[in-house]
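Here's the structure, in structure tokens; my notes come after.
Just so you know, all these numbers are worked out from the coordinates, no wet-lab data involved. Remember, predicted model here, so these are calculated numbers, not experimental data. Backbone-built Cβ (ideal geometry, glycine too); neighbour counts: all protein chains shown.
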Amino acid sequence: MAEQEAAGPIDRVDQVQAAWRAELPDWDVSSVGVIGRLVELAHWTEQARGAALAAHGSDRATFDLLATLRRAGPPYRLTVGELQRLSLVTTGAVSQRVERAARRGLVRRTPVAGDARKVVVELTADGRAAAAELLRVVLDAEQGVLEPLGADERRVLEELLRAWSVGLGAARAVGPEADPPS
């Protein structure tokens, strides 16, 4: 533990790692330092995003739907199948999200001519405005989470995370069927 204190302030993950080192001194527990912090940071980020969305009368599912449609570009419409592939949730979950957003006037559903099984979901003007507002809210929340880091640290962290992601094969998932972050 003394080596951690010399390096700077300690956090909960340092304490967990130190406990594992004491319990299993012959094991390499260095992954706990990275993965444990990623898990905590993801949790804090989701809490911040969720609280910001809730303060604006929305939630993650609605934001994901609106953001996915908005990112599609004009005319801001996708089939239910495309939404399902892009959001990586079940067709049933997409249907529930679309139904809630339609009741609020944020999207409209239109059957595809010649194929009654297919439905196109399109942002309404209110949906486009809501998507923009919620994106600003989420970006502000994310900036708050990143506040402890300077601009240079953020760039380095982004480069490291990209290299890690590419190294794990995420580069193969880039394309029209990939799930970009909301």
For residue 11, residues with placed amide H under 5 Å, excluding near neighbours: none
Can you work out the FRET efficiency for the pair residue 116 and residue 60, with r the C-beta to C-beta distance and R0 = 25 Å, to the nearest 0.05? 0.20
Between 0 and 90°, nearest 10: helix 12-23 axis offset from the chain longest Cα axis: 50
Running a GNM on the chain with Cα contacts under 10 Å, which residue among 116, 129, 102 ends up with the highest mean-square fluctuation? 116
For a footprinting-style exposure proxy, rank 23, 46 by other Cβ within 10 Å, fewest first. 23, 46
Among residues other than residue 128 whose Cβ falls under 11 Å from its Cβ, what is the net charge (Lys/Arg +1, Asp/Glu -1)? -2
Taking the Cα centre of region 34-182 as origin, sum charge times position over the Cβ atoms of Lys and Arg (+1) and Asp and Glu (-1), and report the length of that vector in debye to the nearest 20. 680
For residue 79, which sequence-distant residues (separation of 5 or more, or a different chain) have an amide H within less than 5 Å of its own amide H, given hydrogens modelled in the peptide plane? 121
Hull shadow area, averaged, region 27-151 [alpha-carbon convex hull, nm²]: 10.4
Please list, in order, the residues from region 30-65 whose amide nitrogen is less than 12 Å from a point placed 7 Å along the Cα→Cβ vector of residue 100. 54, 57-65
Sort 103, 71, 162 by Cβ crowding within 10 Å, fewest neighbours at the top. 103, 162, 71
Fewest-first sequence of 115, 26 by Cβ atoms within 10 Å of each Cβ: 26, 115
